[in-house]
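The values are calculated or read from the model by the stated rules, or taken from the named source; none is laboratory data. Every value quoted in this text rests on a predicted model; they were computed, and no experiment measured them. In this analysis, Cβ positions are derived from the backbone assuming ideal geometry, glycine residues included, and neighbour counts consider all displayed protein chains.
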């Protein structure tokens with residue numbers, strides 16, 4: 001199948017990369033903004049895909065070279081003509097102080113992708129808001145929570161454990177707000 | 001003291017620096033420890049690649065902090081705080097007890 005790299009969707013690219021890595025015996029989990037893009041159907045569009053893998057970067061680099069991706073810095077890869085770049089963030093897969101226990105799996109025309117569950121994706125974005133006051137991450141957390149079925153109870157448990165009760169309240173209040181269309 | 005664990009002395013100093021002051025920039029750290037900026041930058045880059053520190057560009061200066069999303073940060077800080085107690089007082093005075101409160105622009109020293 002010929003791939004139109006210039007117009008590829010983030011989900012298809014994630015699947016192509018996952019498939020390619022799998023061929024080389026490498027498991028990788030999609031985290032970060034790409035999960036938000038996928039779960040919100042590109043209401044928020046990330047410019048990169050963050051993967052977490054315990055494989056050596058050298059092995060990852062060899063696998064991705066076959067797709068035309070070149071290692072541009074220690075952890076990120078680019079392909080000529082492809083609008084997204086790929087980053088391999090350092091393991092372990094964690095959200096705040098907790099390891100990622102559950103993973104979601106989605107089917108695409110290029111195969112399966114493994115990513116954070118919607119609930120963990122919200123927690124992942126909230127972690128950036130809690131720790132760095134990042135307003136974009138806050139908005140992304142709200143977007144995922146509105147677009148997908150998430151466990152508010154789990155998000156609350158984790159937020160309190162992280163010590164961010166007040167910011168969690170702001171998040172919940174925001175979820176309750178109705179969208180006013182002008 | 002923790003050099004054997006971290007691999008080199010510069011990492012230990014950077015960790016103590018960040019644990020004490022909360023943040024830092026390469027030139028400031030280099031001046032504090034009397035080493036080249038390159039040496040500091042090299043180690044900060046290594047730590048950033050490992051997800052242990054994070055940086056943000058403020059104006060023209062890249063400010064480094066511990067990566068608050070590093071899952072073992074609490075344990076790392078506990079280790080550093082414990083190790084700090086064992087540092088000689090002279091070393092604490094020289095590197096880790098510098099003025100951090102504001103000073104009005106133009107005020108003579």
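Listed here are the residues, each with its yes/no results for (1) in contact with a helix residue (DSSP H, G or I) (Cβ under 6 Å, 6 or more places away or on another chain); (2) surrounded by 22 or more Cβ atoms within 10 Å (Cβ to Cβ).
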residue	(1), (2)
A:106	no, no
A:110	yes, no
A:114	no, no
A:118	yes, no
A:124	no, yes
A:128	yes, no
A:133	no, no
A:143	no, no
A:146	no, no
* Residues of segment B:51-69 being closer than 24 Å to residue B:37 by Cβ and touching a residue at least 12 places away in the same chain (Cβ under 8 Å), which ones? -> B:51, B:52, B:53, B:54, B:61, B:62, B:63, B:64, B:65, B:66, B:67
* Asked: Going by the conditions given, is residue A:91 part of a loop (DSSP other than H, G, I, E, B) and closer than 20 Å to residue A:22 by Cβ?
  -> yes
* To do: Among the residues of segment A:65-77, write down those that are crowded, with 18+ Cβ neighbours inside 10 Å and either in contact (Cβ under 8 Å) with a residue 40 or more places away in the chain or under 16 Å from residue A:10 (Cα atoms) (or both).
  => A:67, A:69, A:77
* Structure fact -> Within segment B:74-90, the residues that are over 14 Å from the mean Cα position of the chain (by Cα) and free of Cβ contacts under 8 Å to residues at least 60 places away in the same chain are B:74, B:75, B:78, B:82, B:85, B:88, B:89, B:90
* What about residue B:66, is it out of contact with any strand residue (DSSP E or B) (no Cβ under 7 Å at 6 or more places or on another chain) and modelled with pLDDT of 90 or more? -> no
* When you go through (1) touching a helix residue (DSSP H, G or I) at 6+ places or on another chain (Cβ under 9 Å); (2) within 25 Å of residue A:53 (Cα to Cα); (3) assigned to a helix (DSSP H, G or I) one by one for residue B:48, which number turns out not to apply? -> (1)
* Taking segment A:136-154 on its own, how many of its residues are assigned to a helix (DSSP H, G or I) and under 17 Å from the mean Cα position of the chain (by Cα)? -> 12
* When you look at residue B:44, is it surrounded by 15 or more Cβ atoms within 10 Å (Cβ to Cβ) and either closer than 21 Å to residue B:84 by Cβ or more than 14 Å from chain A (Cβ to nearest Cβ) (or both), yes or no? -> yes
* To do: Give segment A:69-79 a look and list any residue that's modelled with pLDDT of 95 or more and part of a loop (DSSP other than H, G, I, E, B), or say none.
  => A:69, A:79
* Asked: Which one is surrounded by the fewest Cβ atoms within 10 Å (Cβ to Cβ) among residues in segment A:88-104 that are away from chain B (no Cβ under 11 Å) and in contact with a strand residue (DSSP E or B) (Cβ under 7 Å, 6 or more places away or on another chain)?
  -> A:103
